[in-house]
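Taking it in order: structure first as structure tokens, then the write-up.
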Amino acid sequence: MLLDFSRIGLCVTLAVSAFSAHAESVGDPDAGKKVYRKCASCHMVGDDARNRVGPNLNNIIGAPAANIDGVKYSKALKNAAADGLVWDEAALNAFLEAPKKYLPGTRMSFLGLTKSSERADVIAYLATYSDSSIAPEAGFSVSPEILAMDGDVAYGEYLGSECTTCHLSSGANDGIPGITGWDEADFVTAMHAYKEKYRDNSVMQMVTGRLANHEIAALAAYFKSLGN
Amino acid sequence: MTINRRKFLGATVAASAALSAPMALAAGSGKPRVVVIGGGAGGATAARYIAKDSKGEIDVTLIEPTRTYYTCFFSNLYLGGFKEMDELGHSYGGLAAAGVNVIHDWAIGVDRDSKQVTLAGGAKLTYDKLVLSPGIDFVDNAVAGWDVTAQNAMPHAYKGGSQTELLKAQLAAMPEGGVFAMVAPPNPYRCPPGPYERVSMVAHYLKANNPTAKIIVADPKPKFSKMALFQEGWANNYGGMIDWVGEEFGGGNVEVDPNGMTLSIDGEVVSVDVCNVIPAMKAGKIAEIAGVTQGNWAPVNAADMSSKADADVYVLGDASQQGDMPKSGFSANSQAKVCANAIRGALTGSRVFPAKFSNTCWSLIDTDNGVKVGATYEATDEKIAKVDGFISSTGESSEVRKATYLESEGWYSGITADMFG
Ligand SMILES: Cc1cc2nc3c(=O)[nH]c(=O)nc-3n(C[C@H](O)[C@H](O)[C@H](O)COP(=O)(O)OP(=O)(O)OC[C@H]3O[C@@H](n4cnc5c(N)ncnc54)[C@H](O)[C@@H]3O)c2cc1C
């Protein structure tokens, strides 16, 4: 398995922060939609979202900070971005708790969400507008040991024949997303998220429900090998 | 991988006199030979996977009479006006490109002693491994008054293509306020939710085009697949149009008159404008000719889909009697991949992985109102056994139902690409 070190680093951080928060608060996107009203006066999200007072929040999860052209970001945020700030779940969680404390000098005049469940919910809601094939799972991650497992490509090819009943091996999306050429860590994280029922789709939950860790690694390696 | 297999082959061929090698070579050809009968969900998938994965090491021949395979899956959506017939047709060009030798003919004989298949055109083909995936035929005298000679007056539309077109034409020609009748089949039959999805799609069509028409279903079963979901959908979308007569009310005691266009249910005679008779089913005839059936179906070993009667014959899909999987295109496709892996391993020594099966059946109730049921399965000594499953719930939001329908469209593209390349 080819390791993408930037992602592994990220996932290790997530693993630590998410595992502690894991049990008590897993974000609920529906509840997050209500929480999001507090954000909506400045930030749009979804189809046709434009930048208003604040930038639109499509694909915010996992995005490098201050990356939308034409938005007037604060100096503080631009500096943080230059230092490598990425809006992963942990960073968003910390920022949303107390924006002015996390990022002194931010232009965002919002007091913050003190309840951790509200933060988890709104992050889960935003995740529904982030490209799910690359978004780290809001509130979910897998251990570095699992991410580091080597996948048996030949076994993955056999197991993958179960996937290609629905997912086109060309990678196209005709109503069901393409799964070829994914970063292996993303693939593994997504499969475990279905398996643990953090991701919602009854077919995927069923299919991943009986996949062992080495089988998920095998699938990730095989579908990666098919390219984009 | 390829190098390993070549080495293995070379070594085995050299030492074949001394070793009891796992492969048999057909006379005259240097390669092991697989013959597949039936180019549907099971057969097309098996042929394609064996050819593609063995990369030319196995000679694969597919026997299929039709040049265009019209899927039964989504044929109900054609009746409802959601799909065109053209969208359901698939040619065999992709299989030929994958290295399968496609012969458009009927198989009419199988001699398991000499390992030969006879075609209607007279040719004889030798095999090392034979795969049968002929789908279904109908049990004689299953519905009083009906036999296949009546299939124009009272279509079954349970094989793809022209029968489905005929049923659609009859539906469109129904007089205002007319009666559409269905005689539903007893278990086991292909596509458990199929008749009820069809009722939904016929109702959808009639609601828009002939809203005072009625649908009557005579059913020999006390309950059916996704029953709560269908009944909820019928009540919400087609209130009062559909009359389902189950076993309790004599739905199994039927007789039809294709000349007079009447249907008698438990002695009560109804005049009908369209009568869709779906008789009891059995394995496609060639399975019986090959001598691998017991009763109506062909029993198989769950680990590799080999026939219980002959280790060199495999039976896939609807024709097989395997245990808990429903007879569906998804199941046939799933079984084919397990079988292809086993056959390739037996003939070339490639790695054989444990059998793993799954199925999901989507059904459309009304526009953007899809539901699904699915399960995973494993091989036990005795049968293919269900592991786990799910079903859509009643009362789901319209967003969920729409997403389910879109997913079914994705599945259709996926499975047809998986079958035909
Ligand atoms: C109305 C309807 C809706 C359905 N909807 C779904 C659905 O939504 N999802 C799903 O998964 N399944 C669905 N199905 C079920 C699905 O169509 C079958 O389960 C599936 O096609 C079975 O595959 P098979 O390979 O066993 O047979 P088939 O796909 O029927 O293929 C058999 C092939 O063998 C050929 N053949 C037969 N005899 C011979 C011979 N002697 N020589 C050579 N060739 C021969 C035939 O021409 C045919 O092409 C539906 C079925 C119906 C009727």
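The values are calculated or read from the model by the stated rules, or taken from the named source; none is laboratory data. Please read these numbers as outputs of a predicted model, since none were measured by experiment. Using ideal geometry, Cβ is built from the backbone for each residue, glycine included, and neighbour counts are taken over all protein chains shown.
Yes/no per residue for (1) of a type in the set (D, E, K, R); (2) at pLDDT 90 or above; (3) assigned to a loop (DSSP other than H, G, I, E, B):
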position	(1), (2), (3)
A:Asn56	no, yes, yes
A:Ile61	no, no, yes
A:Arg107	yes, no, yes
A:Phe110	no, no, yes
Problem set entry | Number of positions in segment B:394-421 that are under 19 Å from the mean Cα position of the chain (by Cα) and in contact (Cβ under 8 Å) with a residue 40 or more places away in the chain | 9
For this session: Look through segment B:319-342, keep the residues that are away from chain A (no Cβ under 13 Å) and in contact with a helix residue (DSSP H, G or I) (Cβ under 6 Å, 6 or more places away or on another chain), and return whichever of them is surrounded by the most Cβ atoms within 10 Å (Cβ to Cβ).
Result: B:Ala319
Exercise. Quick check, is B:Ile391 within 13 Å of another protein chain (Cβ to nearest Cβ) and more than 18 Å from the chain's Cα centre (by Cα)?
Worked result: yes
Problem set entry | From B:Val300, B:Val270, B:Val274, residue being modelled with pLDDT of 95 or more, within 15 Å of the ligand (Cβ to nearest atom) and over 16 Å from B:Asp140 (Cβ atoms) | B:Val300
Exercise. If you check B:Gly38 against the conditions, is it of a type outside the set (Phe, Trp, Tyr), surrounded by fewer than 23 Cβ atoms within 10 Å (Cβ to Cβ) and more than 14 Å from chain A (Cβ to nearest Cβ)?
Worked result: no
Exercise. Counting only residues that are under 14 Å from the mean Cα position of the chain (by Cα) and either away from chain B (no Cβ under 14 Å) or modelled with pLDDT of 90 or more (or both), how many does segment A:185-221 have?
Worked result: 11
For this session: Scan segment B:350-378 for residues that are within 10 Å of another protein chain (Cβ to nearest Cβ) and of a type in the set (Asp, Glu) and jot them down.
Result: B:Glu378
Problem set entry | Verdict on B:Ala169 being surrounded by fewer than 19 Cβ atoms within 10 Å (Cβ to Cβ) and not in a loop (DSSP other than H, G, I, E, B) | yes
Seminar exercise, completed: Of those in segment B:309-332 that are within 26 Å of B:Tyr412 (Cβ to Cβ), hydrophobic (A, V, I, L, M, F, W, C) and out of contact with any Leu (no Cβ under 6 Å at 6 or more places or on another chain), the residue nearest to the ligand (Cβ to nearest atom) is B:Phe330
Seminar exercise, completed: Among residues of segment A:140-167 being facing another protein chain (nearest Cβ under 7 Å) and assigned to a loop (DSSP other than H, G, I, E, B), the residue nearest to A:Glu215 (Cα to Cα) is A:Thr164
For this session: Pick out, from segment B:257-354, the strands (runs of 3 or more DSSP E) lying fully within it that include 1 or more residues that are farther than 24 Å from B:Cys191 by Cα.
Result: B:262-265, B:268-271, B:313-315
Seminar exercise, completed: Here the residues within segment B:95-117 that are within 25 Å of B:Gly295 (Cβ to Cβ), part of a strand (DSSP E or B) and within 14 Å of the ligand (Cβ to nearest atom) are B:Ala107, B:Ile108, B:Gly109, B:Val110, B:Val117
Exercise. Is it the case that B:Lys168 is among the basic types (Lys, Arg) and in the same structural domain as B:Val338 (by TED's automatic domain parsing)?
Worked result: no
For this session: Just give me the residues in segment B:90-99 being surrounded by 16 or more Cβ atoms within 10 Å (Cβ to Cβ) and in contact (Cβ under 8 Å) with a residue 60 or more places away in the chain, in sequence order.
Result: B:His90, B:Tyr92, B:Gly94, B:Leu95, B:Ala98
For this session: Quick one: which residue in B:Gly145, B:Gly121 is within 20 Å of B:Gly39 (Cβ to Cβ) and more than 11 Å from the ligand (Cβ to nearest atom)?
Result: B:Gly121
Exercise. So B:Asp266 fits all but one of (1) on the phi < 0 side of the Ramachandran plot; (2) without any contact (Cβ under 8 Å) to a residue 24 or more places away in the chain; (3) not hydrophobic (A, V, I, L, M, F, W, C); what number is the exception?
Worked result: (1)
Exercise. Using beta carbons and a limit of 7 Å, which pairs, at least six apart or on different chains, have the first residue in segment B:147-169 and free of Cβ contacts under 8 Å to residues at least 12 places away in the same chain and the second one within 13 Å of the ligand (Cβ to nearest atom) and not small (Gly, Ala, Ser)?
Worked result: B:Val148/B:Phe138
Problem set entry | Selected residue (criterion: surrounded by the most Cβ atoms within 10 Å (Cβ to Cβ)) from residues of segment B:41-58 that are over 22 Å from B:Asp105 (Cβ atoms) and within 14 Å of chain A (Cβ to nearest Cβ) | B:Tyr49
Problem set entry | Residue selected from segment B:79-88 under the condition over 15 Å from B:Val199 (Cβ atoms) and either among the basic types (Lys, Arg) or within 12 Å of the ligand (Cβ to nearest atom) (or both), by the criterion farthest from the other protein chains (Cβ to nearest Cβ) | B:Leu88
For this session: Among the candidates B:Ala355, B:Ala375, single out the residue that is under 24 Å from the mean Cα position of the chain (by Cα) and farther than 16 Å from B:Pro326 by Cβ.
Result: B:Ala355
For this session: Go through (1) surrounded by 23 or more Cβ atoms within 10 Å (Cβ to Cβ); (2) more than 10 Å from the ligand (Cβ to nearest atom); (3) hydrophobic (A, V, I, L, M, F, W, C) and name the single condition B:Ala346 misses.
Result: (1)
Exercise. Any chance segment B:175-195 includes a residue that's within 14 Å of the ligand (Cβ to nearest atom) and in a helix (DSSP H, G or I)?
Worked result: yes
